[in-house]
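The values are calculated or read from the model by the stated rules, or taken from the named source; none is laboratory data. Remember, it's a predicted structure, so these values are computed and weren't measured experimentally. Here Cβ is always computed from backbone atoms with ideal geometry, including for glycine, and neighbour counts include all displayed protein chains.
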Amino acid sequence: MPAHPLAAPLLSGNRRALAQAITLAESSRPAHQREAQSLLSEVMPHTGNAVRVGLTGVPGVGKSTFIEALGLQLADAGHRVAVLAVDPSSARTGGSIMGDKTRMPALTVHPSAFIRPSPAGGALGGVARRTREAALLCEAAGYGVLLIETVGVGQSETQVAAMTDVFVLLTLPNAGDELQGIKRGIMELADVCVVNKADMDSAAARQARSELSAALHLLTPHSASWQPRVLSASALTGKGLGEVWQAVQEYVSDAERVQQKRHAQTGAWFEELLREVAWNTFLSGVNVDELKAVRERVLAGELTPVQGVAAILPSGFGE
Ligand code: GDP
C-alpha cells in the first residue's frame, strides 16, 4: 500500500498536515474513514511517546486558564504541547468548550503548541474515538505532551480517563460544598487532585486539600502502585503548576505502570468498538417485526428474557 501523502509531512511535525489528518479522521464519509485508518496504521509506530494528561472539573473551576498556563510553561521549557477536548455537547458553531480558540489566546499562537477543539457533537463514543485518533496523530507529529480536557458532561470524564496516562481533577477551595458536587465516580478516576484558585484564599485551599485527602483515603485506590496526590495551585498566578507537573512526571516515571494502563485501555477500546459494530451489524440484519413480537412475549411473561434472546439468536446461548 502506497504511503499516504499526509504521512511524511505529519511525521515531520507539520501542523497543517496534522490538522488535515485530524479532519480526515473526524469525517464520517466511508472513503475518508478508510483513508484515515490507513494513515493511522502507517504512523502508528511513531505514536505512544507523549505524556497523556486528562483534565476535568466543573465549569468555572479554571480548566482553560490552567491548561493555558501549564501549556505555556511546558512549551517555554521546550516541550511540544497539544491540547484536545472531549465535549459531546459541542457543535463547531456553538462556541462551547474549546470551540473558541480565544479561550487560550497565548497558547494558541505559541509555535510549540497545537490546539484542536472537540470534534463536533454526536454520540459520546464517537466524539471520544475521534479524540483518541487525534491524540495518536498529535503523537505522530511529535507532540510530547497531550492535555485532553473534558467538560464533564455525562460520561466524558470516564472516556478521557480511559485515553490518558494521568487524570487530573481540578476543584475549588470551597471543598466542603464542592465535594458534594463532585461525583464519587470522578474522584475515583483522579490520579492527581488540584485545588485551583488557591490565590483567592490560601486558608480555604489548605482546608480543601485536607478534606480532599481524607475523602480520597476512603475510596478504594484504582491503582495498587499509586496513591492519588492532592495539591493546590493558582492557574492565574502560575503558583503550584510546577508541583502538578512534577506529580504527573512522577506518575509516568514508572514505565511499567503506564504500559499496563495503556494496554488495558487499548484492550477495552477494542472491545467497545467490537461491541458497537457487532450490535450495529445485528440491527441492520434483524427482522424488526420479529424482534418486536419476541419483546412483547418477554414483556407478557410468555418467554423469559433468555428464551427471548434465544428465539432471535439461537446460537446466542451456548453452554
Ligand atoms: P473553565 O470553565 O473551567 O475552563 O474555567 P476558566 O478557565 O474559564 O476560568 C473561569 C474563571 O476563573 C475565569 O474568570 C478565570 O480568570 C478565573 N480563574 C481561573 N483560574 C484561576 C485562579 O487560579 N485564580 C483566580 N483568582 N481565578 C482563576
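Quick look at the numbers
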item	result
Residue in the range 15-73 that is modelled with the highest pLDDT, counting only those that are within 16 Å of the ligand (Cβ to nearest atom) and among the charged types (D, E, K, R)	68
Only listed residue being among the hydroxyl-bearing types (Ser, Thr, Tyr) and in contact with a helix residue (DSSP H, G or I) (Cβ under 8 Å, 6 or more places away or on another chain), chosen from 27, 38	27
Close pairs from the range 5-26: first surrounded by fewer than 20 Cβ atoms within 10 Å (Cβ to Cβ), partner assigned to a loop (DSSP other than H, G, I, E, B) and of a type in the set (Ser, Thr, Tyr), Cβ under 9 Å, at least 6 apart	13/143
Unmet criterion (only one of (1) touching a residue at least 12 places away in the same chain (Cβ under 8 Å); (2) in a helix (DSSP H, G or I); (3) surrounded by fewer than 16 Cβ atoms within 10 Å (Cβ to Cβ)) for residue 32	(1)
Meets criteria (outside any helix (DSSP H, G or I) and either in contact (Cβ under 8 Å) with a residue 12 or more places away in the chain or within 26 Å of the chain's Cα centre (by Cα) (or both)) for residue 237	yes
Residue selected from the range 154-171 under the condition surrounded by fewer than 24 Cβ atoms within 10 Å (Cβ to Cβ) and at pLDDT below 90, by the criterion nearest to the ligand (Cβ to nearest atom)	154
Verdict on residue 16 being within 19 Å of residue 137 (Cβ to Cβ) and part of a helix (DSSP H, G or I)	yes
Meets criteria (within 21 Å of the chain's Cα centre (by Cα), within 15 Å of the ligand (Cβ to nearest atom) and without any contact (Cβ under 8 Å) to a residue 60 or more places away in the chain) for residue 244	no
The range 96-125, residues that are assigned to a loop (DSSP other than H, G, I, E, B), within 13 Å of the ligand (Cβ to nearest atom) and modelled with pLDDT under 85	96, 97, 98, 99, 100
Number of the condition not met by residue 215 [criteria: (1) exposed (fewer than 14 other Cβ atoms within 10 Å of the Cβ); (2) in the same structural domain as residue 129 (by TED's automatic domain parsing)]	(1)
Checklist (1) among the basic types (Lys, Arg); (2) more than 16 Å from the ligand (Cβ to nearest atom); (3) at pLDDT 90 or above; (4) surrounded by fewer than 16 Cβ atoms within 10 Å (Cβ to Cβ) applied to residue 229, failing item	(4)
